[in-house]
1. If you build a Gaussian network model of the chain, linking Cα atoms that sit under 10 Å apart, which residue out of Val75, Val128, Val31 swings the most?
2. Using a 1.4 Å probe on the protein heavy atoms only, what accessible surface does Asp100 show? Give it in Å² to the nearest 10.
3. Kindly report the accessible area of the chain per residue (heavy atoms of protein chains, probe 1.4 Å, no ligands, DNA or RNA), in Å².
4. Which ³J(HN,Hα) values, rounded to whole Hz and listed in residue order, are derived for segment 71-86 from phi using the Karplus coefficients 6.51, -1.76 and 1.60 in 6.51 cos²θ - 1.76 cosθ + 1.60 with θ = phi - 60°, glycine and proline given as x?
5. Report, to the nearest whole %, how much of the accessible area of the chain belongs to carbon and sulfur atoms, 1.4 Å probe, protein only.
6. From the phi angles alone, apply the Karplus equation (6.51, -1.76, 1.60; θ = phi - 60°) to segment 147-155 and give each ³J(HN,Hα) in whole Hz, x where the residue is Gly or Pro.
7. Taking only the C-alpha atoms, wrap a convex hull around the chain and report its volume per residue in Å³ as a whole number.
8. Mind checking which of Gly34, Gly98, Gly166 has the largest fluctuation in a GNM of the chain, springs on alpha carbons under 10 Å?
Amino acid sequence: MSSGSSGAGNTGVYIFLAILVLIVFRRLRLVLKGSKVRRASTWIFSGYYVILAAFFSFSSFTIGAVPPTYAVLYVAIGAAGAYGSYLFSDRRIGFWKGADGSIYSKGAVVIYLIYIAGLIARIAIGIVFIGPQAFSFVATPGAPPPGASAVDAGIVTDMLLTLSAGLLVGRNARVLKRYSLIVQGKETVTDTPPKISLT
């Protein structure tokens with residue numbers, strides 16, 4: 001592979017990573033401001049967060065020399081995060097009815113901040129210790145295997161990202177649960193956005 005094609009490939013990786021981060025920051029803005037609750041989009045974004053965490057974790061196994069047995073640990077951490085977040089976010093999410101009659105929600109912002117921190121940390125670790133090829137699943141021919149510190153850093157940031165993805169899934173599940181109660185008339189909402197703390 002020529003240096004030119006390698007440079008073009010690296011640019012593509014950086015653009016891809018930048019788009020991912022921008023999407024997450026846009027979602028954070030919507031969480032701060034509030035957004036219309038839609039079942040389909042809520043589940044789609046939940047899947048997006050899980051797939052993104054799985055993507056980076058898989059690259060750790062293929063490029064980062066992380067033992068495959070850690071996959072079980074990652075799944076357990078993500079599941080624990082989802083359950084804990086489902087409980088934690090219950091009264092930290094506010095709902096209101098818009099002028100169009102739709103239900104809006106916002107709150108539990110700290111969960112998104114944790115996810116952003118985990119995502120940026122995971123990307124940074126991959127680039128610093130391995131380079132852009134860390135996100136291609138294919139090792140560079142002749143490249144030395146990652147050192148112990150690189151493997152440890154990958155494991156820690158994978159766990160953080162997996163935990164935060166679980167937190168977001170739990171939060172979104174709580175949003176949908178309460179949305180269902182509102183639709184069924186079992187929970188009432190106001191016509192104005194409630195004041196919600198950042199936590």
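The values are calculated or read from the model by the stated rules, or taken from the named source; none is laboratory data. All of these numbers come straight from a predicted model, not from anything done at the bench. Ligands, DNA and RNA are excluded from the accessible area calculation, which covers all protein heavy atoms including side chains. Shrake-Rupley method; radii C 1.70, N 1.55, O 1.52, S 1.80 Å.
1. Val128
2. Ignoring ligands and nucleic acids, Asp100 comes out at about 90 Å².
3. Here the per-residue accessible area is 52 Å².
4. Once rounded to whole Hz, the list reads 4, 5, 4, 4, 5, 5, 5, x, 5, 5, x, 5, 5, x, 5, 4.
5. On the way: 7100 of 10290 Å².
So the carbon and sulfur contribution to the accessible surface is 69 percent.
6. Karplus-based 3J(HN,Hα) across segment 147-155 equals x, 4, 5, 5, 5, 4, 5, x, 5 Hz.
7. Numbers: hull volume 23.6 nm³, N = 199.
Measuring per residue, one finds 118 Å³ for the Cα hull of the chain.
8. Gly98
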